Amino acid sequence: MASSKLEVLVDFGDSPDKQQVDKTIKELTSREGVKEAQFKDGAIMVETSLPSTEILEFVTKTSGRRAVLQGFGDGQSAVAMVSGQSCCGGTVVGVVRFQQTGDVLVADGSIDGLPPSSEHGLHIHSTGDLSEGCNSIGDHYNPLGSPHGGPQDSADRRHAGDLGNIRVGDNGRATFRITDRILKVWDIIGRSVAVSEKEDDLGRGSSPSSIVNGDSGKAIACGVIARSAGIFQNPKRICACDGIVVWDERDRPLAGKGRREAKKCCQNHSSPKGENIRENHHVNGENGIDEGRELKASCKV
Ligand SMILES: [Zn+2]
């Protein structure tokens, strides 16, 4: 399976304890799915075929220190912050990262707040229009005019945007790493990625909507795909958007209440998964999306 390069910034302090660093590197490299790991300039470079969230959790646990994902992928990369796109419209929140290495696109992500042990379709939609939230992002991205299908189908038997299903753990979190040879990162920047309400039947069902969207229902969470920093491309230690350092940034939720000033329409809305989101959905402002503005735009006060 194609591997990805991750740049994981670890809070080892100004004079890192060599033993602690070595132990972290050693445990990382002995883990199945990790090809290589090395410490350089305060960051651990990891080459892996595991989801980035799993690596972050592992580094945090092994080192006992805070860790954030500073860069992802050594080719073209993109990222989408996924949510219900309305201030009070649910608690499904996550990040999906995309990386192109040669022919292979990797979609790596984690999404919180889904019903435990359920399955949901993951699709690239044709537009990045969030003017009506996830209702205005268009159909599945389908440049060849093909019927809906599954990720293993040939290009004339699936939409390019058909990435199949993601599986949710019993904690309500879906962590995934999907590889695909039909989609390319440069074709999807500016479009959106969405999680569907129901499982995608991959075009094999008996319902008339099976060949349209796999009978997967509406998009319950979505986000615009924006170009992002790859490894070594993001020298920031301070977030340009609001001037806070990455370690404070990491402890803030991705979006919504607590991220900035609480929005009026969101004051009664609280996320039961807030703690997890703070822990793991750091994106470090790397994609340049002003999520505050987006949230405001979709607020119905
Ligand atoms: Zn489709």
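Rg then Dmax, both in Å and based on the Cα atoms of the range 79-227: 13.8, 40.
Separation of the alpha carbons by more than 26 angstrom is noted, of Lys5/Lys61; Lys61/Lys198; Lys26/Lys184; Lys35/Lys61; Lys5/Lys184; Lys184/Lys218, for Lys61/Lys198; Lys26/Lys184. Give the Debye-formula value of log10 I(q)/I(0) at each listed q (0.09, 0.14, 0.24 Å⁻¹), with one equal scatterer per alpha carbon of the range 1-110, two decimals each. Each listed q maps to, in turn, -0.26, -0.59, -1.29.
Potential lengthening of the chain between Glu197 and Lys40 amounts to 52.3 nm, from the contour at 0.36 nm per residue minus the alpha-carbon distance.
Were the residues from Lys18 through Leu144 laid out at 0.36 nm apart, the gain over their Cα-Cα distance would be 40.0 nm.
Computing FRET efficiency as 1/(1 + (r/R0)^6) for Ala2 and Ser207, where r is the C-beta to C-beta distance and R0 is 30 Å, gives about 0.30. Rg then Dmax, both in Å and based on the Cα atoms of the range 80-123: 12.7, 40. Packing, taken as the mean count of other beta carbons within 10 Å per residue, orders the peptides 154-164, 102-112 from highest to lowest as 102-112, 154-164. Full extension of the chain between Lys184 and Arg167 gives 3.8 nm of extra length, using 0.36 nm per residue less the Cα-Cα distance.
The numbers here are math on the coordinates, done by the rules we state, and not lab data. For clarity, every value in this text was computed on a predicted model and none was experimentally measured. Neighbour counts are summed over all protein chains in view; Cβ atoms, including those assigned to glycine, are modelled from backbone coordinates with ideal geometry.
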